[in-house]
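Okay, structure first, notes after.
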Amino acid sequence: MDLVSQAYIAETPISRSSTSKACWSIWKVENQACTFLARPDLKKPSSRLAFTIGDSEKPKTRDNITAEMKIRCFSVTILDSLCGMMTPLFDATITNIKLATHGRVEAMNAVLISSFAASTFNIHLEAWEPLVEPFDGIFKLETYDANLSQPVRVAKRMRIAATSILNVNISAANIGTLAQTMDSWRKQRELEEKAMKFYEEAAGSHASDQKPTHLALDEDDFQTIIVENKLGCDIYLKNTRDNLDTVNLLPHDDSSALWIPPPRYSDRLNFSDESREPRCYVGVQIVDAKGLPLLDDGNSHRFFCALRLLVENQEANPQKLFPQSARTKCVKPVITRVNDSDEGTAKWNELFIFEVPRKGVARLEVEVTNLAAKAGKGEVVGACSFSVGHGMNMLKKVASARMLHQASDVQSVASYPLTRKGQPVHEMLSLSCLFVSTSYIEKSMVTDFDN
């Protein structure tokens, strides 16, 4: 506890002189010793020069607020649906928290000693960047009785001190992430306001046009929604009411009305054209890759596969397919030592389903990339291409799409060598291999929705 505390100076001097020869004033300090301050002018002295003995006139009473707390670590992370995905935004961590308080509400002292650090997430590098580097700080809060003449008797004083160097890092990525987050929140509020306005207008028009007698057959089985493109790029939408084979382009900052079918259809919607050809889907299961080259350049190793379906002779095929692509997650390889060199084995075991033409041949291109190579820029370590489609010998037909998620059979797993661009043919034997399991299923366009 402090031995002295701040004292108050009277508003008017107890003595003063304003003659032409000399000008002085004497001001009384409200403390136990009845001290005073003298000035060679008529200005009131600063309150920093007035002190009183701490708690000398206050009766010694027991403290009714006493608390001690120790916390090892306390962390807060803020997530936001930035760019259409749940992305970390801000993280604050407080470690080695020590809090001690004592006193009363009108005269209380609280001291907090802790280490503080804050970071922001860089969406371009997918890594955390320090905003406030770790530092040790002391936070002290005091409440004391003020002068009786003042309207507020309880005054507060807060002191913040850093016992180590405080570094704050501000970069263009931090500012850009903050700006994108604010813009995302603004667009979200605008979309909510537009949706609320649309619902109010729809409810008002429905109430004015409501008939005295209401029939169940008058209701539409489809629900209408408004899709507004705020992704920053063009998207393609398929209308399920007019034509199943029609794909509409929705540019950026444009909106379109779509009809969404109900969860269950009535029996009258089960009648359709039986002459339509069924669609063919290929299930590609990326099992693993062996013999991946590992370069000891100081970076870690994280591999993923990028898949792209290419349809041959797309112009002559009556069934137009939308471009299809996918990618696996990044995994760390299992490192083994072979012939004085390190080789990696990456296991994914992920399943992807592509739509292929019933008549014609489609090829699937797979690229294996080390995302952590070249300081996070990534490097393609190998690629392969193989045919998929109806009638291929490598495919294994299944009776239902649910069977695609079951464990793959040993006989249906095929291996494909991974080659690099510009690699000679005589080095094919030393390449790494990708193990893939494929299956296909035919789905009729006529579906019993009630089942």
*For residue 302, enumerate residues with amide H under 5 Å from its amide H, sequence gap 5+ or separate chain, H modeled in the peptide plane.*
371, 372, 373
*Tell me the label-point distance for the pair residue 336, residue 249, using the 7 Å Cα-to-Cβ offset, in nm and rounded to one decimal.*
5.0 nm
*Using only the alpha carbon atoms of the range 4-53, find the Kirkwood hydrodynamic radius as the inverse mean reciprocal pair distance, in angstroms to one decimal.*
11.2 Å
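Let me know the whole percent of all Cα-Cα pairs from the range 87-141 that are separated by more than 16 Å.
56 percent
FRET efficiency for residue 228 and residue 171, Cβ-Cβ distance as r, R0 = 30 Å, nearest 0.05?
Values: r = 32 Å, r/R0 = 1.07.
The calculated FRET efficiency here is 0.40.
With the contact rule set at Cα under 8 Å and sequence spacing of 6 or more, what percent relative contact order holds for the range 65-174?
20 percent
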*asked:* Under the rule of at least 5 residues apart or a separate chain, name every residue whose amide H is placed under 5 Å from the amide H of residue 132.
replied: 118, 119, 169
*Tell me which residues come under 5 Å, amide H to amide H, from residue 352 once H is placed; ignore anything under 5 positions away on its chain.*
284, 285, 286
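Taken together, the values in this text are just the output of simple stated rules run on the coordinates, not laboratory data. These numbers were taken from a predicted model, which means no experiment stands behind them. Neighbour counts run over all protein chains shown; Cβ positions are idealised from the backbone, glycine included.
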